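The next block holds one structure in the form of structure tokens; read it before the comments.
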There are 2 protein chains.
Amino acid sequence: MDKNLSWYKKLFEKNGYKFTAQKRIILLEIINANTHLSVNEIYDKIRQKNIGLATVYRSLKLFNELDIIKQINIDTVSYYEMKIFSGKPLNIHFKCSKCDSIIDIDNKDLNLEYIKLNKKVEEENNLDVYDVNIMLIGVCSKCKEDK
Amino acid sequence: MDKNLSWYKKLFEKNGYKFTAQKRIILLEIINANTHLSVNEIYDKIRQKNIGLATVYRSLKLFNELDIIKQINIDTVSYYEMKIFSGKPLNIHFKCSKCDSIIDIDNKDLNLEYIKLNKKVEEENNLDVYDVNIMLIGVCSKCKEDK
DNA sequence: CTTGATGCAAAGGATTTGCACAAAT
DNA sequence: ATTTGTGCAAATCCTTTGCATCAAG
């Protein structure tokens, strides 16, 4: 087991949960995907391993609670992705309203600018902001071409 | 009927839909709320008028199609609010993770800055962006106090 | 009279829960 | 042993759909 997984194992146990084979498999899928996944996408990848849908839901709920994944809701469908701290403070998602594809937008400069804006919101409204979801809607480059 | 409502009536009829009493009642609730409403919040306000839940869903779907309302999804719950063009190009929502309240954040300067950032995203990724949903998550001022 | 709209109830889809059994400490 | 986790099926919640009827043009 590599270093990272044992880190997660410790986190689970510290909070009174067991790091079972099922949770390990589900977590690895999300880590390896490196993008957002829906419950069904996760379930499809692991269904041959005899893991029930309810277990997927329960694991995701737990991961969320422990703050290791992030849930993104797009048109009533939920997607999940890892929270990664270094160099990727937040993820911006773009949805094409023509082809419905969802694109991850990741750009350090942009992220920094968004963070500055968040600071401003915090100050002006007396809030603590610790997470942001930004969802852009429009037409992607492919759909701009074929019209 | 005031000017605004007759504008909506025309919009509906131009698109082959009737401006019924039910749609009028539902639309007025959203206009008067001046904030985001869930389907249940809308339904509760009008249920005494003998309007079915299905009609609420159908009307919201239609309003969305005609682009007069905007749908916001927060943790699998959908909220609806008017799209207002003048001076309110976008709405930023903040959700307190302690008390679950949702606060509308509206500030012209902030909106302008966000729009600049969106331009940057458009250019760098060759996209057309025409709508943005920004959702901040954190702790509200009330919950910051009572701890 | 023709077309779209409505209310109701049934259907559908996503998510959660109850329960008996299995696994881990 | 005790506690937590799992798979399955049933239950629940939100949303959509089918159908008979109603209303508007």
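What residue among A:T55, A:L127, A:N91 has its Cα farthest toward the positive end of the dipole of the protein assembly as shown, where the charges are +1 on Lys, Arg and -1 on Asp, Glu, each on the Cβ?
A:T55
Simple spin-label model, 7 Å along Cα-to-Cβ: B:D44 to A:E13 in nm?
Each label point lies 7 Å from its Cα, and together they span 4.6 nm.
Hey, can you grab everything whose amide H is under 5 Å from the amide H of A:K98? Only 5+ residues off in sequence or another chain; H modelled, so Pro and N-termini drop out.
A:C140
So for region A:28-120, Kirkwood radius off the Cα pairs, Stokes-Einstein at 37 °C and 0.692 mPa s: how many µm² s⁻¹? Intermediate values should be presented prior to the final figure.
Values: Rh = 14.7 Å.
D = 224 µm²/s.
Of B:T76, B:I115, B:I102, which is farthest towards the positive pole of the protein assembly as shown's charge dipole, taken about the Cα centre with +1 and -1 on the beta-carbons of Lys, Arg and Asp, Glu respectively?
B:T76
Would you grab the residues whose amide H sits under 5 Å from the one on A:I92? Only those 5+ places off in sequence or on another chain, please, with H modelled 1.01 Å from N.
A:I105
Within a Cβ distance under 10 Å of A:A33, other residues only, what is the Lys/Arg minus Asp/Glu net charge? Walk me through the numbers before you get to the answer.
Numbers: positive: A:K45; negative: A:E29, A:E41, A:E81.
So the environment of A:A33 carries a net charge of -2.
Charges only on Cβ, +1 for Lys and Arg, -1 for Asp and Glu: so what's the dipole of chain B about the Cα centre, in debye to the nearest 20?
On the way: 24 positive and 21 negative charges, 138 e Å.
Magnitude of the dipole: close to 660 debye.
Shape verdict for region B:13-71, please, from the Cα gyration tensor: rounded (a/c under 1.5), prolate (a/b greater than b/c) or oblate.
Numbers: a/c = 1.74, a/b = 1.23, b/c = 1.41.
Oblate.
Under the convention of a label 7 Å out along Cα→Cβ, give the distances in nm from B:L11 to the same position in every other copy, shortest first.
The answer, with the shortest distance listed first, is 4.5 nm.
Where the only charges are on Cβ atoms (+1 Lys, Arg; -1 Asp, Glu), what is the dipole of the protein assembly as shown about its Cα centre, to the nearest 20 debye? Write down the numbers at each step before the final one.
Values: 48 positive and 42 negative charges, 162 e Å.
Approximately 780 debye in magnitude.
Assuming a viscosity of 1.002 mPa s and a temperature of 20 °C, what translational diffusion coefficient in µm² per second does Stokes-Einstein assign to the protein assembly as shown, Rh being the Kirkwood radius over Cα pairs?
Working: Rh = 21.5 Å.
In µm²/s, the coefficient is 100.
Specify the inter-centroid distance of region B:118-138 and region A:1-77, based on alpha-carbon positions, in whole Å.
So the two Cα centres are separated by 28 Å.
We did not get these values from a lab; they are worked out from the coordinates using the rules stated. Only a predicted model underlies this, so the values are computations on that prediction, with no experimental measurement involved. Neighbour counts are summed over all protein chains in view; Cβ atoms, including those assigned to glycine, are modelled from backbone coordinates with ideal geometry.
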